[in-house]
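Q: There's a structure below that I have some questions on.
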Amino acid sequence: QVRLVESGGGLVQAGGSLKLSCAFSGRTFGRYTMGWFRQAPGKEREFVGFISWLGGRTTYADSVKGRFTISVDDAKITGYLQMNSLKPEDTAVYYCAADPRLAVVSSEYEYWGQGTQVTVSS
């Protein structure tokens, strides 16, 4: 059973930065893709990006490309979402997820973190 524990959300002004963490445990992490999603009030869960733990292939949504960076730390078995140049429209609950597949659709991810709130003030 995979367990994902997120941390790092908070309140930041527009133009600022935040870094989210997602600690992975329970299985051989090298076989998984870590995805990041977000959900704003009244909206559907939205793909942010993913990284394949083995090989480090990344893919990002157009809305965050060039501002957000996904990475992993093998020693800490933790994934990260570095968010720069934040905008008010980035305000959402952010979730990390894990699955053996490379996927951009939330329904294809089997394991999920608890979510962390990111609020960007204007």
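The values are calculated or read from the model by the stated rules, or taken from the named source; none is laboratory data. The model shown is predicted, which means the values in this text are computed figures rather than measured ones. Here Cβ is always computed from backbone atoms with ideal geometry, including for glycine, and neighbour counts include all displayed protein chains.
For every residue, the table says whether it meets (1) of a type outside the set (Val, Ile, Thr); (2) surrounded by fewer than 20 Cβ atoms within 10 Å (Cβ to Cβ); (3) touching a Gly at 6+ places or on another chain (Cβ under 7 Å).
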| residue | (1), (2), (3) |
| --- | --- |
| Gly8 | yes, yes, no |
| Leu18 | yes, no, yes |
| Cys22 | yes, no, yes |
| Ser25 | yes, yes, no |
| Phe29 | yes, yes, no |
| Thr33 | no, no, no |
| Arg38 | yes, no, no |
| Pro41 | yes, yes, no |
| Gly56 | yes, yes, no |
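Q: Same structure again: Can you work out which of the residues in segment 72-109 that are polar (S, T, N, Q) and at pLDDT 95 or above is surrounded by the most Cβ atoms within 10 Å (Cβ to Cβ)? So that I can check it myself, show each step before the final result.
A: Step one: filter segment 72-109 for residues polar (S, T, N, Q), giving 78, 82, 84-85, 91, 106-107.
Applying the additional criterion that residues be at pLDDT 95 or above yields 82, 84-85, 91.
Working: Gln82: 14, Asn84: 14, Ser85: 13, Thr91: 19.
The residue in question is Thr91.
Q: Conditions: (1) within 15 Å of Thr116 (Cβ to Cβ); (2) touching a Ser or Thr at 6+ places or on another chain (Cβ under 8 Å). Cys96 meets all but one. Number of the miss?
A: Unmet for Cys96, out of (1) within 15 Å of Thr116 (Cβ to Cβ); (2) touching a Ser or Thr at 6+ places or on another chain (Cβ under 8 Å): (2).
Q: Could you please find all residues in segment 31-48 being more than 16 Å from Lys87 (Cβ to Cβ) and either part of a strand (DSSP E or B) or under 9 Å from the mean Cα position of the chain (by Cα) (or both)?
A: Thr33, Met34, Gly35, Trp36, Phe37, Gln39, Phe47
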